1. Going by Cα centres, the stretch 1-53 and the stretch 59-109 are how many Å apart?
2. By how many degrees, 0 to 90 and rounded to 10, does the Cα axis of helix 60-89 deviate from the longest principal axis of the chain?
3. Could you point to the residue in 123, 134, 86 farthest towards the positive end of the chain's charge dipole, with +1 and -1 charges on the Cβ of Lys/Arg and Asp/Glu respectively?
4. Using a cut-off of under 17 Å, list every residue of the stretch 55-99 whose amide N is near the label point 7 Å from the Cα of residue 38 along the Cα-to-beta-carbon line.
5. Taking the chain as the reference, fit the longest principal axis to its C-alpha atoms, fit the long axis of helix 12-48 to the helix C-alpha atoms, and give the angle between the two in degrees, 0 to 90, nearest 10.
6. I'm a student and want to see the number: the projected area of the Cα convex hull of the chain, averaged over all directions, in nm².
7. Size of the dipole of the stretch 1-110 about the Cα centre, Lys and Arg at +1 and Asp and Glu at -1 on the beta carbon, nothing else charged, in debye to 20?
8. So what is the calculated 222 nm ellipticity per residue for the chain, using -39500 (n - 2.57) for each DSSP H run with n of 4 or more, over all residues, to the nearest 500 deg cm²/dmol?
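The values are calculated or read from the model by the stated rules, or taken from the named source; none is laboratory data. Bear in mind the structure is a predicted one, so any value in this text is a computation, not a measurement. Here the Cβ positions follow ideal geometry from the backbone for every residue, glycine too, while neighbour counts run over all protein chains shown. Only protein heavy atoms, including side chains, enter the accessible area calculation; ligands, DNA and RNA are left aside. Shrake-Rupley method; radii C 1.70, N 1.55, O 1.52, S 1.80 Å.
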Amino acid sequence: GGVLRGSVEDYYGVLRVTFAYFVMYYAFILSQAFNRIKVIRRKKKAEKEGARVVPVSEDRGQIRWDRTVGNTLEQQGPFLWGLWLNALFVAPATAEMLGWVYVGARLYYPFVHPAVSGSRLLLYTSTFPNYWVIVALWVQIVWR
C-alpha cells in the first residue's frame with residue numbers, strides 16, 4: 001500500500017472511515033443543538049413557575065454534548081491528518097482499521113462522559129483508545 005503503489009480503490013476504506021467520522025461529528029453537533037433547545041425550553045418553563053434553575057451551560061446534559069463536540073473537534077486535525085497521511089505513505093488498510101477503532105471509540109464518548117455516567121474512569125475507555133490510535137497513525141508515518 002501507500003502512495004503510488006496502489007489504485008484508487010485501495011483508499012475506499014479510508015474514505016468510508018472519513019465519511020463515517022463526519023456523519024458522527026455532525027450528529028454530535030445536532031445533538032448539542034437540540035439538547036440546548038430542550039434545556040432552554042425547560043429553563044423558561046421553570047422560571048415561569050418561579051423555580052430556581054441553573055444556567056444552560058451548567059446543565060449536565062449540555063455539558064456532555066458541549067464536551068463531546070469540543071473534544072471531537074480538538075482531536076479532529078491530528079486524527080484526520082494522521083489517517084490520510086498514514087493511508088498515503090504507510091498502508092491504506094492499516095489506516096482504515098485504525099480509523100474504525102477511532103470512530104468506534106469516539107461514538108460512545110457522549111454516553112460515558114462523567115456528566116452522564118458519573119465516572120471519569122469510564123470516559124477513559126473512549127479517550128484512551130482515541131489517543132492511542134492517533135499516536136499509532138503518526139508513529140508509523142514518522143518511523144516508516
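1. 12
2. 10
3. Checked the options; the winner is 123.
4. 56-69
5. The helix 12-48 is inclined about 10 degrees to the chain.
6. Values: hull surface 36.1 nm².
That works out to 9.0 nm².
7. About 840 debye.
8. So the helix-based figure for the chain works out to -27000 deg cm²/dmol.
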